[in-house]
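The values are calculated or read from the model by the stated rules, or taken from the named source; none is laboratory data. The model shown is predicted, which means the values in this text are computed figures rather than measured ones. Backbone-built Cβ (ideal geometry, glycine too); neighbour counts: all protein chains shown.
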Amino acid sequence: MIRTLFFDIGNVILNIYPEDVVSQLTRTIGVETAVMVSALSGEVHDDYEKGKLTDEQFFSSVMANISSEKKLTQTEFFDYWRSMLGDVTETFHYAQKLSKRIPVWLASNTNQHHINLGGVRTKMDGFAGAVYSFEVGARKPDERFFNAMLRAADANASESLFVDDLMENVAIAEKMGMTVIHYRSHGQFVKDFESLKLEIS
């Protein structure tokens with residue numbers, strides 16, 4: 001019996017547009033796209049999502065990796081950074097309906113700025129709870145993230161359904177004993193969810 005549902009946030013219940021952030025910053029600062037992608041990714045990005053870097057440290061690290069005469073202020077940078085966040089998806093509303101029957105938790109690799117200052121935490125208030133990478137110090141697909149997720153929800157892997165758009169995350173959750181759905185679209189998700197014929201407590 002499935003007793004707890006876990007949903008990823010980005011591109012599952014909330015549209016995100018990282019490519020727009022790269023495009024806007026590239027045009028504004030005047031560097032190649034590859035340079036901007038490199039500056040915003042890798043270890044610096046991962047450490048930011050693990051809560052190891054403050055907003056100020058993340059901003060400073062990104063700018064230090066960009067060779068350009070034009071520099072942004074921290075305020076300008078994070079204005080662009082928040083533009084990554086879009087509207088909630090159809091799956092968000094579907095998950096809300098499910099939450100009336102079963103605990104629905106969110107489980108996301110993310111950063112404190114998007115959650116606290118980008119308005120995401122407020123949008124997600126209606127669910128049973130949320131596990132964010134920057135709060136637990138680990139990112140999916142690290143098993144430490146999933147263990148923290150299960151502990152937070154007081155859930156057993158064998159009684160949990162995990163939904164994520166990245167196959168590497170789904171694979172680890174399945175390896176740990178969870179029922180999983182690899183999310184590709186809302187229609188596909190609903191079809192897969194209904195085909196499981198889950199007994200929901």
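Suppose we filter Ser61, Ser68, Ser38, Ser23 for residues that are in a loop (DSSP other than H, G, I, E, B) and among the hydroxyl-bearing types (Ser, Thr, Tyr); which single one remains?
Working: Ser61 fails: in a loop (DSSP other than H, G, I, E, B); Ser38 fails: in a loop (DSSP other than H, G, I, E, B); Ser23 fails: in a loop (DSSP other than H, G, I, E, B).
Criteria check complete, one pass: Ser68.
Could you say which residue among Asp47, Asp20 is within 23 Å of the chain's Cα centre (by Cα) and under 18 Å from Phe134 (Cα atoms)? Don't jump to the end; show me each part of the working.
Numbers: Asp20 fails: under 18 Å from Phe134 (Cα atoms).
Just a single option satisfies the conditions, and that option is Asp47.
Looking at Asn15, Asn65, which one is out of contact with any Phe, Trp or Tyr (no Cβ under 8 Å at 6 or more places or on another chain) and modelled with pLDDT of 95 or more? Walk me through it before giving the result.
Working: Asn65 fails: modelled with pLDDT of 95 or more.
Going through Asn15, Asn65 in turn, just one is out of contact with any Phe, Trp or Tyr (no Cβ under 8 Å at 6 or more places or on another chain) and modelled with pLDDT of 95 or more: Asn15.
Conditions (1) under 16 Å from Gly10 (Cβ atoms); (2) in a helix (DSSP H, G or I), marked per residue:
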| residue | (1), (2) |
| --- | --- |
| Ile102 | no, no |
| Trp105 | yes, no |
| Phe127 | yes, no |
| Phe145 | yes, yes |
| Ala148 | no, yes |
| Ser158 | no, yes |
| Asn169 | yes, yes |
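Considering only the range 58-86, state which residues are surrounded by 16 or more Cβ atoms within 10 Å (Cβ to Cβ), touching a residue at least 40 places away in the same chain (Cβ under 8 Å) and more than 23 Å from the chain's Cα centre (by Cα).
Matches in the range 58-86: Leu72 only.
Is at least one residue of the range 87-108 crowded, with 21+ Cβ neighbours inside 10 Å and free of Cβ contacts under 8 Å to residues at least 40 places away in the same chain?
no
In the range 116-124, is there at least one residue being surrounded by 15 or more Cβ atoms within 10 Å (Cβ to Cβ), in contact with a strand residue (DSSP E or B) (Cβ under 8 Å, 6 or more places away or on another chain) and at pLDDT 95 or above?
No: zero hits.
Quickly run through the range 129-143 and pick out the residues that are in a helix (DSSP H, G or I) and surrounded by fewer than 19 Cβ atoms within 10 Å (Cβ to Cβ). First the steps, then the outcome.
In the first step, residues of the range 129-143 are kept if they are in a helix (DSSP H, G or I); the result is 133-136, 143.
Glu135, Glu143, listed by residue number.
Pick out the one residue from Lys100, Lys70 that is modelled with pLDDT under 95 and assigned by TED's automatic domain parsing to the domain that holds Ser185. Spell out how you get there, then give the answer.
Numbers: Lys70 fails: assigned by TED's automatic domain parsing to the domain that holds Ser185.
Of the residues listed, the single one that is modelled with pLDDT under 95 and assigned by TED's automatic domain parsing to the domain that holds Ser185 is Lys100.
Exactly one condition in (1) closer than 22 Å to Ile172 by Cα; (2) touching an Asp or Glu at 6+ places or on another chain (Cβ under 7 Å) is false for Ile9; which is it?
If we test Ile9 against (1) closer than 22 Å to Ile172 by Cα; (2) touching an Asp or Glu at 6+ places or on another chain (Cβ under 7 Å), just (2) comes out false.
Return the only residue of Gly51, Gly10 being over 15 Å from Ser68 (Cα atoms), in the same structural domain as Phe134 (by TED's automatic domain parsing) and in contact (Cβ under 8 Å) with a residue 40 or more places away in the chain. First the steps, then the outcome.
Details: Gly51 fails: in the same structural domain as Phe134 (by TED's automatic domain parsing).
Just a single option satisfies the conditions, and that option is Gly10.
Could you list, in sequence order, the residues of the range 71-82 that are assigned to a loop (DSSP other than H, G, I, E, B) and not aliphatic (A, V, I, L, M)? Walk me through it before giving the result.
Quick first cut of the range 71-82, residues assigned to a loop (DSSP other than H, G, I, E, B) only: 71-73.
Scanning the range 71-82 gives Lys71, Thr73.
Considering only residues that are in contact (Cβ under 8 Å) with a residue 40 or more places away in the chain and surrounded by 14 or more Cβ atoms within 10 Å (Cβ to Cβ), which ones fall in the range 21-48?
Of all residues in the range 21-48, those in contact (Cβ under 8 Å) with a residue 40 or more places away in the chain come to 21, 24-25, 28-30, 46, 48.
Residues satisfying the conditions are Val21, Gln24, Leu25, Thr28, Ile29, Asp46, Tyr48.
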